[in-house]
Amino acid sequence: MITLHTIAELRAALNKERAAGKRIGFVPTMGNLHEGHLQLIDQAKANSDVVVSSIFVNPLQFGAGEDLDNYPRTLVADQEKLNSRGCNYLFAPTDAEVYPNGRESQTQVEVPEISDLYCGATRPGHFRGVATVVAKLFGMVQPDVAVFGEKDFQQLMVIRKMTEDLSLPVEIQGAPIARNEQGLALSSRNGYLSEQELETATVLNASLREIEAALIEGNKDFDSLIESAQQCLETAGFKRDYLVICRSQDLQPATSEDSQLVVLAAAYLGPARLIDNLQINL
Ligand code: PAF
């Protein structure tokens with residue numbers, strides 16, 4: 001695997017690949033890679049000829065007081081993991097390479113409506129930062145296909161809408177959530193948790209599974225399903241962020257008429273804010 005740090009180097013390398021007729025697959029990340037990221041690489045590899053991954057901890061998507069400074073940066077270990085899965089290029093730019101005129105004067109990409117819900121309500125400006133950096137990375141890499149994890153379900157929808165609204169010639173693919181044996185969704189932020197908290201963290205997915213079981217049995221009292229899941233999370237030691245049963249096509253709160261659902265959850269556990277979701281087709 002070749003690691004590149006500048007846009008000029010990246011363009012030169014990928015222009016050659018394109019000229020040779022290669023289809024480019026892209027997996028953008030913020031590094032500190034785990035098995036979930038590596039499964040995105042596998043999916044990109046199965047759908048392209050040349051796989052590019054990026055590692056860039058994007059300051060634009062972190063709010064004041066969030067974990068930008070402490071976000072784990074593990075480039076050497078990440079390079080080894082990417083290499084072992086057959087990734088061809090790693091693009092690891094500096095802040096100055098991505099935002100050469102500073103962040104203040106950067107043109108930003110705003111995906112309306114969906115960006116203000118749920119994670120966007122708790123983290124104002126977060127999805128503007130994500131959409132902006134992903135649009136820029138698409139301009140740098142010019143991939144044919146890009147793969148994103150479904151753990152960040154709302155992010156995936158924001159990116160799909162941005163790509164469609166800006167007519168970007170990139171196929172967006174979602175990849176299933178990778179989980180540990182206890183059902184905990186893999187996340188770089190799990191690394192903030194103690195052994196004890198890691199056990200408690202499994203309650204998040206278990207709560208979603210309980211909602212799923214109740215919905216499949218025909219329970220349509222969404223409010224009480226949510227409230228009892230929230231109680232269960234709080235008893236386990238979580239602090240509330242949000243938990244919603246919504247329509248998977250537009251993330252609006254579901255009604256009893258809807259059948260394509262996704263339960264989205266975010267909650268604080270010790271030093272970490274964890275998210276998870278479950279798609280349910282009734
Ligand atoms: O999901 C992530 O790791 C980031 O939000 C992304 C898509 C790489 C943009 O910085």
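Beta bridges assigned by DSSP with both partners in the chain are antiparallel in approximately 50 percent of cases. Considering only Leu90, Leu184, Leu117, the mean-square fluctuation computed in a Gaussian network model of the chain, springs between alpha carbons under 10 angstrom, is largest for Leu117. Its convex hull of Cα atoms gives the range 1-98 a direction-averaged projected area, equal to a quarter of the hull surface, of 6.4 nm².
What fraction of the Cα pairs in the chain, stated in percent, has a spacing above 23 angstrom? When every Cα pair of the chain is considered, 56 percent fall beyond 23 Å. The local environment of Glu113, defined by Cβ-Cβ distances under 12 Å, has a net charge of -3 under the rule Lys, Arg +1 and Asp, Glu -1. Taking the centroid of alpha carbons for each part, the range 14-77 and the range 208-282 are 29 Å apart. With only the Cα atoms considered, the range 42-128 has a convex hull volume of 144 Å³ per residue.
In the range 92-235, inverting the average of 1/r over every pair of distinct C-alpha atoms gives 17.9 Å as the Kirkwood radius.
Could you tally the net charge around Arg128, taking each other residue with its Cβ under 11 Å from the Cβ of Arg128, Lys/Arg +1 and Asp/Glu -1? The answer is -1.
Computed over neighbours whose Cβ is under 15 Å from that of Pro176, the net charge equals -3, Lys and Arg +1, Asp and Glu -1. Given the pairs Lys136/Lys239; Lys16/Lys151; Lys45/Lys151; Lys22/Lys136; Lys81/Lys161; Lys136/Lys161, which are separated by over 24 angstrom at their Cα positions? In this structure, Lys136/Lys239; Lys16/Lys151; Lys81/Lys161 exceed 24 Å between Cα atoms.
Considering only Ser53, Ser84, Ser188, the mean-square fluctuation computed in a Gaussian network model of the chain, springs between alpha carbons under 10 angstrom, is largest for Ser84. Return the Rg/Rh ratio of the range 140-222 with Cα-based radii and a Kirkwood Rh. So for the range 140-222, dividing Rg by the Kirkwood Rh gives 1.10.
Comparing Glu199, Glu212, Glu104 in a Gaussian network model of the chain where C-alpha atoms under 10 Å apart are linked, the largest mean-square fluctuation is found at Glu104.
Please work out whether the range 76-122 counts as rounded, prolate or oblate from its C-alpha gyration tensor, where a ≥ b ≥ c are the square roots of the eigenvalues and a/c under 1.5 means rounded, while otherwise a/b larger than b/c means prolate and anything else oblate? All intermediate terms of the calculation are to be shown ahead of the outcome.
Working: a/c = 3.22, a/b = 1.57, b/c = 2.05.
In terms of gyration-tensor shape, oblate.
The helix-only estimate of mean residue ellipticity at 222 nm for the chain, built from DSSP H runs of length n ≥ 4 each weighted as -39500 (n - 2.57), is -12000 deg cm²/dmol after division by the residue total.
Residue order for Lys239, Lys151, fewest other beta carbons within 10 angstrom first, comes to Lys239, Lys151.
Read the figures in this text as sums done on the coordinates, not as results from a lab. In this text, all values refer to a predicted model and were calculated from it rather than measured experimentally. Heads up, the Cβs are rebuilt from the backbone with ideal geometry, glycines too, and the neighbour counts pull from every protein chain shown.
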